[in-house]
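Colleague: I'd like to ask some things about the structure below.
The values are calculated or read from the model by the stated rules, or taken from the named source; none is laboratory data. Since this is a predicted model, take the numbers as computed values, not measurements. Counting neighbours? That spans all protein chains shown, and the Cβs are built from the backbone with ideal geometry, glycine included.
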Amino acid sequence: MAGTILVHLGLGSNLGERRGFLNSACDQLCSGTLSEFRTSAIYESEPLLKMPQPKYLNMVVRGLTQLSPEELMKKCQQIENNLGRIRKERWGSRIIDIDILSYGDKIVNADNLTIPHPEIKNRGFVLLPLLELSPEWKDPKFGTCIKKLWEKWFQSKTSDVPIKLMKM
């Protein structure tokens, strides 16, 4: 496909039928948003900051898109809304969350969108599936490879290590 960009998205759910919400989000992402779609395994992780909420199921997906970063963000938010996501509080429980992790080697610093996602290096539930899915990935902002980011996070043990549950 001409004019396509490789993107990585992080998906997470900790309410309701978590695996079902991940599957539905993947189905919608495959319908005209991403081609050559691939998924990591699903990982279970503790909520950020030890918040009192259910555990998350997380995964990373990759694919090619012709959408701009802003159009892709709108599409991800539309999918979240279609699945019933309600935004009440930052880092609160959610039916589905879809974050743009990377958009080719592009760096975006806008009011409502930062790419690469600024928290990649702090989230084992993103690093591990991203390493599994795209071991060649490098942070375009700093040039750090995903393996080094994972090793640094793992050594710091800033939070619980995600548990691999199943392949999608």
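Colleague: Just give me the residues in segment 38-73 being over 14 Å from residue 165 (Cα atoms) and in a strand (DSSP E or B), in sequence order.
Modeller: If the condition is that a residue be over 14 Å from residue 165 (Cα atoms) and in a strand (DSSP E or B), then 38, 61, 62, 63, 64, 65 are the ones that fit.
Colleague: Same structure, new question: Out of all the residues in segment 114-126, which are more than 11 Å from residue 58 (Cα to Cα) and among the hydrophobic types (A, V, I, L, M, F, W, C)?
Modeller: 115, 120
Colleague: Among the numbered criteria (1) in contact (Cβ under 8 Å) with a residue 60 or more places away in the chain; (2) on the phi > 0 side of the Ramachandran plot; (3) of a type in the set (Gly, Ala, Ser), which one does residue 84 miss?
Modeller: (1)
Colleague: Every residue in segment 100-126 that is under 21 Å from residue 154 (Cβ atoms) and either in contact with a Gly (Cβ under 7 Å, 6 or more places away or on another chain) or not aliphatic (A, V, I, L, M) (or both), please.
Modeller: Of everything in segment 100-126, those that are under 21 Å from residue 154 (Cβ atoms) and either in contact with a Gly (Cβ under 7 Å, 6 or more places away or on another chain) or not aliphatic (A, V, I, L, M) (or both) turn out to be 101, 102, 116, 117, 118, 119, 121, 122, 123, 124, 125, 126.
Colleague: Going residue by residue through segment 41-54, is there one that turns out to be aromatic (Phe, Trp, Tyr) and buried (at least 22 other Cβ atoms within 10 Å of the Cβ)?
Modeller: Checked segment 41-54: at least one residue is aromatic (Phe, Trp, Tyr) and buried (at least 22 other Cβ atoms within 10 Å of the Cβ).
Colleague: Among the residues of segment 141-168, write down those that are surrounded by 13 or more Cβ atoms within 10 Å (Cβ to Cβ), outside any helix (DSSP H, G or I), at pLDDT below 95 and out of contact with any Phe, Trp or Tyr (no Cβ under 8 Å at 6 or more places or on another chain).
Modeller: 141, 159, 160, 168 - these are the residues of segment 141-168 that are surrounded by 13 or more Cβ atoms within 10 Å (Cβ to Cβ), outside any helix (DSSP H, G or I), at pLDDT below 95 and out of contact with any Phe, Trp or Tyr (no Cβ under 8 Å at 6 or more places or on another chain).
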